[in-house]
Structures are given as C-alpha cells and as structure tokens.
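For reference, the structure is listed below as structure tokens.
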Amino acid sequence: MVAYGIFTSLREQNRQRYRGDKFYRGTFTILIIVLVAQLFVVAAAAALFVAEKRIEPETRAIESRRKQLASEEERYAPLLQKLRILTSLRPLIVNRTPSSRLISNIEEAFSANEQVGLIELKLSNRFDPNDPNSKDDFTILITGAIKLAGGNPTAVLTDFTKTLEEKLPKGANVGIVRNAVVQGAEAFVPFDLRIHYVSK
Amino acid sequence: MRSSLAAFLSFLVVGLTFVALEAVFLAARFEQLEARILQNSEMTFSLAKRETALQSFKLNKDAFENKATLLLSGYTPEPIAIGPDTFGDLFSLGVQISPQEESANKGAKIWTYKLTSTTIEFHRLMPAIAALENQYPLGRFLEIDLKSKGPPFALSPGPIAFTGIFSTLRGRQ
C-alpha cells in the first residue's frame, strides 16, 4: 500500500480519509454485511423456490383428483338430494305412529271383552306439518255399548278401560267421558271414552 | 454533521431496511409454503375419505335408491293421482277419494285427500287403511271416523260408514 503523506494535495487527503475515519470504516462494514446477507437471502430464496417447485406437482394432482371426485359426485346428485331430504324428514318417519295400529289395538281390546261393542270411533291427529319435529297427537273418541246381561256395566267398562290401556302403546291416556249407567229398559248401555296419545 | 457520519447513518438505515424487508418477504413465502403443504395433506386426507365414502355409496347405490323412493313416496310437488297404484285396496274396494280444495293453496305444506265409504266392512277396510299408511311413510290420517250402521253386537259383519282425511307431505319444487 502506498502511504499518503502530508505532501499530497488537500483534495487527495480528503479522498483518502476513509482509511482513518471510523465512520467510513463502519460504513464499509455495513456494506460488507449487507452484501453477505444477500448471499444468505439468495440461498434461502433458492431453497424456497425449489421446495415450491417440488410440491407443485402434488398440488396439481390433488386439484385434479378433487375435480374428478366432484364430477363423479355430481353424477349422484339427484340421489344425494333425495337422501338429504330424507335426513331432514327422518323424525317425521321415525316418530310416526300409524292410525291403523292404534285402531288395531282398540279392536283387540274389544275382542278381549265380549260384553263390549263398538258403535263409533272418531280419531283425529293434531300433527303439525310445519314443524319438522312434530309428533302425532291423537285424540280418539269411542262410543260403545255394553250388554246388560253381562253384569254391572260400570264394572265392565272399568275392566274394558284397563284392557284398552294394556293394549294401547305406553303413554296412552284413557278417560271415561260418559259412564255406562243403566237408564230404562234398553238392552245395551251406551258409554263414551276418550283416548289421548302422543307418539314418542 | 460530518459527511462520514451522515454516510454511515444513511447506509445503516438503508442496509437494515433492505435486509429487514428481504427477511419479511422470505418469511411470508415460507409461511405460504408451509400453509400449502398443510393444505395438501389435509386435502389428501379429506379426498381419501370422500373417495372411500363414494366407493361404499356406489356399492349400496341401488339399495339407497330403492329405499329413498319408497320412503319418499307421495312426497311430490303435485297431488297424488288417484288410482289403484296410489291408493291400493282402498281404491279397489270403491272408497270415494277426492283431493281437498285447501290443498290447492300454494302455502299448504301437505296434500289432503278425503276418503268416504258406506259399503265396506270393518275387517276389509282396516287392512286397506294400514296398507295405505305403509305405502306412504310420510303420510298420515288426520281424521278417521268409523260408525257402525247396524245395531251393536250384530252377529254378521255389515258395512260401516267411513270418513277419513289422509295427508301426505308436499314435496318442494
């Protein structure tokens, strides 16, 4: 290195000041650090680029698999739609109590009590179609008759009511609306019963 | 201020900003890559599950189709056409069946049909009613009125007066 002495010009002395000035040295160090950092940045960027390129085929394969699967699922869309409707209507199917089952239970109770006969059966179901969780709410009014020859009609009706409760599904409520009371010389004593049942 | 100090400070600020921006950019790209890898693995897992489900669905497709058709029978946007296929034995036995006027209301959620008969015996009518309920799992009798036309305890079965209101859920368009 050539030393610059006091015999050089002022301009040259200013130009060469970086050799002794600590801030110029610091500036140079910063420059070096930034340049070295660029090497690391480039290395990291290259590694990222390689990694991105490496997963690109996998991403493309997944996307194509997804599209293929979606188009295949689309083929079964009408059936899937039906199944979705069924799922939403499931409680209405599962919770349904057929009226014929209740009438069959009532028929069994009549068959078990020979002294009791059916005159009229009125069934109504307060089912709410607007409520997807609505349950069947049955009210059944029975008008029947009891043979007088069979003993005390009130006792016969009580027995029949018990039989009805046994035959009907659990939770059915049987009430006597009009008791079987002998009035005059009729061969049959009429009675009215009310059954209330809400499906489980 | 000395020019050397000014140069030092300028380089320091610019150099730090430059390196920091590069670091932020690289970190963002790295996070993006990580998210992509995670998304790929999640997609692979979910696609595998969907493919398995689709395979098993394909195997049972016919059974599902049959069950769905059976369970949703009567669930139509239009009222059921009245005939032997739709009302079975009740139609064949001569029960009068008519769609109710209220069902024409577009807001109605159900189709209702009035059924009346005065010529069928109880023991023939009840199996037909049960068959109708079995045919339409979403169908319900809202009303049934059975009245004996003869005196109680008749020795031979006679026809009864039957009135019923049967409903089916109205299907969406």
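For peptide A:97-107, compute the average count of partner chain beta-carbon atoms within 10 Å of each residue's beta-carbon.
Mean shielding count: 5.
Near A:Gln115: Cβ cut-off under 11 Å, other residues only, Lys/Arg at +1 and Asp/Glu at -1. The net charge is -1.
Computed over chain B, the range of Cα coordinates on each principal axis works out to 128, 39, 29 Å, biggest value leading.
Per DSSP H run of n ≥ 4, the term is -39500 (n - 2.57); total these for chain B, divide by its residue number, and report the mean residue ellipticity at 222 nm rounded to 500 deg cm²/dmol. Write out the running numbers ahead of the final one.
Values: 4 runs with 91 residues, N = 173.
Computed mean residue ellipticity for chain B: -18500 deg cm²/dmol.
Going through the cross-link list A:Lys67/B:Lys67; A:Lys122/A:Lys147; B:Lys49/B:Lys109; A:Lys170/B:Lys114; A:Lys162/B:Lys109, which pairs have a Cα-Cα distance over 27 Å in this structure? The pairs that break the limit, which is 27 Å between Cα atoms, are A:Lys67/B:Lys67; B:Lys49/B:Lys109; A:Lys170/B:Lys114; A:Lys162/B:Lys109.
From its DSSP helices (H runs of at least four residues, each -39,500 (n - 2.57)), chain A gives a residue-normalised ellipticity at 222 nm of -18500 deg cm²/dmol. Diffusion of the protein assembly as shown by Stokes-Einstein, at 20 °C in a medium of 1.002 mPa s and with Rh set to the Kirkwood radius over alpha-carbon pairs, works out to 74 µm²/s. When B:Arg170, A:Arg75 are sorted by how many other C-beta atoms sit within 10 angstrom of their C-beta, beginning with the fewest, the order is A:Arg75, B:Arg170.
What is the order of A:Glu107, B:Glu51, fewest Cβ neighbours within 10 Å to most? Show your work: numbers first, answer last.
On the way: A:Glu107 17, B:Glu51 14.
Least crowded to most crowded, the residues run B:Glu51, A:Glu107.
Tell me, Kirkwood radius of chain A from alpha-carbon pair distances, in Å?
Details: mean 1/r = 0.0379 Å⁻¹.
With all distinct Cα pairs of chain A included, I get 26.4 Å.
With a 10 Å cut-off around each Cβ of B:165-171, the average count of Cβ atoms from other chains is 2. Per-residue mean of foreign Cβ neighbours for B:62-71 is 3 (Cβ atoms of other chains, 10 Å radius).
In loop segments of the stretch A:143-195 as defined by DSSP, the trypsin sites (Lys or Arg not before Pro) with at most 15 further C-beta atoms inside 10 Å of their C-beta are A:Lys170. Positive-end ranking of B:Ile37, B:Val95, B:Pro77 along the dipole of the stretch B:1-121, with charges on Cβ about the Cα centre, is headed by B:Ile37.
How much net charge surrounds B:Arg50 when only other residues with a Cβ under 15 Å from its Cβ are counted (Lys, Arg +1; Asp, Glu -1)?
On the way: positive: A:Arg65, A:Arg66, A:Lys67, A:Arg75, B:Lys49, B:Lys58; negative: A:Glu63, A:Glu72, A:Glu73, A:Glu74, B:Glu42, B:Glu51.
Net charge in that neighbourhood comes out at 0.
A short reminder: the numbers here are calculations on the coordinates, not readings from a lab. For clarity, every value in this text was computed on a predicted model and none was experimentally measured. Every residue, glycine as well, gets a Cβ built from its backbone with ideal geometry; the counts of neighbours run over all protein chains shown.
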